[in-house]
Amino acid sequence: MMVVVLTGDTWDLPSTIYVRPWALCGCSLTRLSTIVTQLKQPEASVLKKFLEAVTTSIGLAERLSGVFTRNMASVSVGELQEMEVDRRGESEESGDDETRRKSINGDVDPSQPTGTSKEESPVDMDTITLDPEEEDVDLVHCRIGKIEGLEVLQKAKTLSLRQNLIKKIENLESLSSLQELDLYDNQIRKLENLSNLKELELLDVSFNILRRVENLEELTKLKKLFLVHNKVTAISNLDHLTGLEMLELGSNRIRVIENLDALSSLQSLFLGTNKITKLQNLDSLHNLTVLSIQSNRITKIEGLQNLVNLKELYLSHNGVEVIEGLENNKKLTTLDVAANRVKKIENVSHLTELQEFWMNDNQIDNWSDLDELKNAKSLETVYLERNPLQKDPQYRRKIMLALPSVRQIDATFIRF
């Protein structure tokens with residue numbers, strides 16, 4: 001089980017064990033770590049918000065347990081798992097999304113009718129003091145309802161407006177030097193009024209109510225685009241973003257991988273928790289090193305032959321039955337095929353650079369299959385739990401004998 005430890009005033013996330021599970025939620029460790037570092041003496045409502053981001057992949061709760069100290073000691077593992085069950089019970093196509101979002105934040109009691117909840121009132125921007133000399137402007141959770149009065153921030157290079165009550169992107173035209181704009185967790189329905197921000201390199205509009213990717217044509221310097229947990233139904237209007245290096249579209253309503261041909265600089269693509277049925281239209285992404293497509297409807301590994309620089313491939317929680325189609329992906333260091341329908345470990349003997357192999361929650365029942373991994377001399381982490389193999393009383397010992405380089409079996413380090 002993955003353990004999240006709260007120490008002091010911040011979340012302590014040892015990278016060795018916890019880096020890979022973050023990919024399950026369809027968004028990268030980079031963004032999640034940004035959220036984590038802002039959690040000072042977190043309250044239960046903040047924890048729920050964090051867990052919503054972490055558990056966007058069905059089944060991740062099975063890897064998640066909690067060890068909490070100080071003011072979070074009252075939250076039990078059982079309560080965390082119940083939160084995940086409740087989340088899975090929500091309909092993807094219907095329901096009051098804003099009410100659910102407020103419920104996650106702890107602003108609404110989900111057991112009470114929505115009509116009895118008290119709306120959070122936005123503040124007047126005149127009450128917020130702005131420093132004209134500030135380059136990194138942080139206006140997180142200030143109950144801002146409208147973007148206005150920011151013209152004085154002529155020197156601003158980064159502007160964080162996350163966790164506010166903003167409904168529209170507007171009045172940013174004068175901030176022409178802005179390089180990073182963070183609008184995570186607001187109530188924005190449309191991407192608009194960004195054409196003057198020509199120096200923008202990072203844009204985060206995750207956890208909003210967007211249905212389309214649009215009006216980004218002028219942002220030609222954009223390197224990182226985060227659109228996690230919206231209502232986007234199609235990948236579109238990205239042709240002008242030729243310098244884009246990271247694209248996160250996890251937890252949306254996308255059915256087809258398409259319109260990525262112009263993104264030749266793309267290094268990381270996150271599409272977890274969508275409705276994608278086929279791996280396709282990836283041929284032009286020669287520089288891609290990370291592909292995350294967990295919790296979709298993939299049944300076959302295919303279409304990866306041109307991704308010769310791919311290092312990390314996350315395919316957990318799909319319907320894959322056979323490991324195949326990886327002949328040209330010789331640089332893979334991480335392969336995650338957990339929670340699929342695989343019966344045999346095969347066609348991976350050529351992956352000599354493999355360091356992490358996630359095959360838990362499948363149907364592996366033959367110990368000889370581990371021979372496929374013997375050429376991976378740097379293999380350190382293997383997940384095989386909840387396969388028929390685990391019923392063997394010598395389960396751990398046999399893995400250690402077959403794969404002597406391994407230092408971690410499932411979530412437990414090997415002690416020598």
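The values are calculated or read from the model by the stated rules, or taken from the named source; none is laboratory data. Please read these numbers as outputs of a predicted model, since none were measured by experiment. Neighbour counts run over all protein chains shown; Cβ positions are idealised from the backbone, glycine included. For accessibility, only protein heavy atoms count, side chains too; no ligands or nucleic acids. Shrake-Rupley method; radii C 1.70, N 1.55, O 1.52, S 1.80 Å.
Data for the structure
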read-out	value
Search result, residues across the stretch 204-219 that are buried (at least 20 other Cβ atoms within 10 Å of the Cβ) and in a loop (DSSP other than H, G, I, E, B)	Val205, Ser206, Phe207, Asn208, Val213, Leu216, Leu219
Test: residue in the stretch 225-237 that is free of Cβ contacts under 8 Å to residues at least 24 places away in the same chain and not in a loop (DSSP other than H, G, I, E, B)	yes
Residues satisfying the stated conditions in the stretch 289-345, i.e. closer than 20 Å to Glu372 by Cα and not in a loop (DSSP other than H, G, I, E, B)	Glu312, Leu313, Tyr314, Thr334, Leu335, Asp336
Lone unmet requirement of (1) within 22 Å of Leu271 (Cβ to Cβ); (2) among the aliphatic types (A, V, I, L, M); (3) outside any loop (DSSP other than H, G, I, E, B) for Val137	(1)
Out of Asn306, Asn318, sole residue that is over 23 Å from the mean Cα position of the chain (by Cα) and touching a residue at least 24 places away in the same chain (Cβ under 8 Å)	Asn306
Meets criteria (open to solvent by less than 20 Å² (accessible area, probe 1.4 Å) and either over 26 Å from Leu241 (Cβ atoms) or assigned to a loop (DSSP other than H, G, I, E, B) (or both)) for Asn252	yes
In the stretch 271-299, the residues that are hydrophobic (A, V, I, L, M, F, W, C) and open to solvent by less than 10 Å² (accessible area, probe 1.4 Å)	Leu271, Ile276, Leu279, Leu282, Leu285, Leu288, Leu291, Ile293, Ile298
Lone qualifier among Val320, Val337, Val342, Val382 - being open to solvent by less than 50 Å² (accessible area, probe 1.4 Å) and farther than 23 Å from Ile276 by Cα	Val382
Residue in the stretch 353-370 that is over 20 Å from Leu315 (Cα atoms) and not polar (S, T, N, Q) present	yes
Residue match in the stretch 144-160 (condition: within 24 Å of Arg189 (Cβ to Cβ), in contact with a Phe, Trp or Tyr (Cβ under 9 Å, 6 or more places away or on another chain) and either free of Cβ contacts under 8 Å to residues at least 24 places away in the same chain or open to solvent by less than 80 Å² (accessible area, probe 1.4 Å) (or both))	yes
Every pair of residues 6+ apart whose Cβ atoms lie under 8 Å, when the first sits in the stretch 391-416 and is under 12 Å from Leu370 (Cα atoms) while the second is open to solvent by less than 80 Å² (accessible area, probe 1.4 Å) and of a type in the set (Phe, Trp, Tyr)	Lys398/Trp367; Ala402/Trp367
Residues of the stretch 168-183 that turn out to be open to solvent by 10 Å² or more (accessible area, probe 1.4 Å), out of contact with any strand residue (DSSP E or B) (no Cβ under 6 Å at 6 or more places or on another chain) and farther than 15 Å from Arg143 by Cα, as a count	7
Residue check, Leu263 outside any loop (DSSP other than H, G, I, E, B) and open to solvent by less than 10 Å² (accessible area, probe 1.4 Å)	no
The stretch 184-203 - residue that is touching a Lys or Arg at 6+ places or on another chain (Cβ under 7 Å) and closer than 13 Å to Leu225 by Cβ and, of those, surrounded by the most Cβ atoms within 10 Å (Cβ to Cβ)	Leu200
Some residue of the stretch 350-373 being among the β-branched types (Val, Ile, Thr) and open to solvent by 30 Å² or more (accessible area, probe 1.4 Å)	yes
Residues (touching a Gly at 6+ places or on another chain (Cβ under 6 Å) and of a type outside the set (Ser, Thr, Tyr)) located in the stretch 253-280	Phe270, Gly272, Leu279, Gln280
The stretch 238-256: number of residues that are over 17 Å from the mean Cα position of the chain (by Cα) and either farther than 16 Å from Thr289 by Cα or touching a residue at least 24 places away in the same chain (Cβ under 8 Å) (or both)	7
Residues of the stretch 349-380 that turn out to be of a type in the set (A, V, I, L, M), outside any helix (DSSP H, G or I) and more than 26 Å from the chain's Cα centre (by Cα), as a count	2
